[in-house]
Amino acid sequence: MTPRGRRRAGMVRPYTPTGGRAAPTRRTLDLATLLIADPEKPLRGLDSHSHRLMQHCLPGVLSLAEVSTDLQLPAAVTKVLVSSLVDSGHLISRNPVPAAQQHDMHLLERILDALHKKL
């Protein structure tokens, strides 16, 4: 532990950006979750960390991992911030399709071959 008064410059405790919240309100967020910012939502009233996160997401779609890395925040902190922004409607989150729900390419090719034979 660093003695008081001797912290590294730029060091921020993880609970500071989250306002003391330790857990996200949404348990469905993972590093592959895609984040889409709502450009119509006003950014005023957001704390500085949430405001910065929103500005970073506004150009397009980013994964939670990309946002965490680009903003140099721990993934757990980013999840808390993102879950609050999803709750407020500033962000839309899209989880990746689980492997069990993806289509079997071999099966699809067999169906396509059978359809071609019928024509």
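The values are calculated or read from the model by the stated rules, or taken from the named source; none is laboratory data. Note that the structure is predicted; figures quoted are calculated from it, not measured. As a convention, Cβ positions derive from the backbone with ideal geometry for all residues, glycine included, and neighbour counts pool all protein chains shown.
Values computed for the structure shown
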| read-out | value |
| --- | --- |
| HIS103 surrounded by fewer than 16 Cβ atoms within 10 Å (Cβ to Cβ) and part of a helix (DSSP H, G or I) | no |
| Within region 48-69, considering residues that are closer than 17 Å to LEU29 by Cα and among the small types (Gly, Ala, Ser), the one farthest from the chain's Cα centre (by Cα) | SER50 |
| Residue identified as at pLDDT below 85 and closer than 22 Å to ALA32 by Cβ among ASP87, ASP70, ASP104 | ASP104 |
| Qualifying residues in region 36-69 (those that are outside any strand (DSSP E or B) and β-branched (Val, Ile, Thr)) - the one nearest to VAL86 (Cα to Cα) | VAL67 |
| Enumeration of residues in region 65-77 that are buried (at least 20 other Cβ atoms within 10 Å of the Cβ) and not hydroxyl-bearing (Ser, Thr, Tyr) | VAL67, LEU73, VAL77 |
| Checking VAL80 against (1) surrounded by fewer than 16 Cβ atoms within 10 Å (Cβ to Cβ); (2) part of a helix (DSSP H, G or I), the condition it does not meet | (1) |
| Criterion violated by GLN72 - all others in (1) farther than 21 Å from ASP30 by Cβ; (2) part of a loop (DSSP other than H, G, I, E, B) satisfied | (1) |
| Any hit, region 26-43, residues being at pLDDT below 85 and loosely packed, with under 12 Cβ neighbours inside 10 Å | yes |
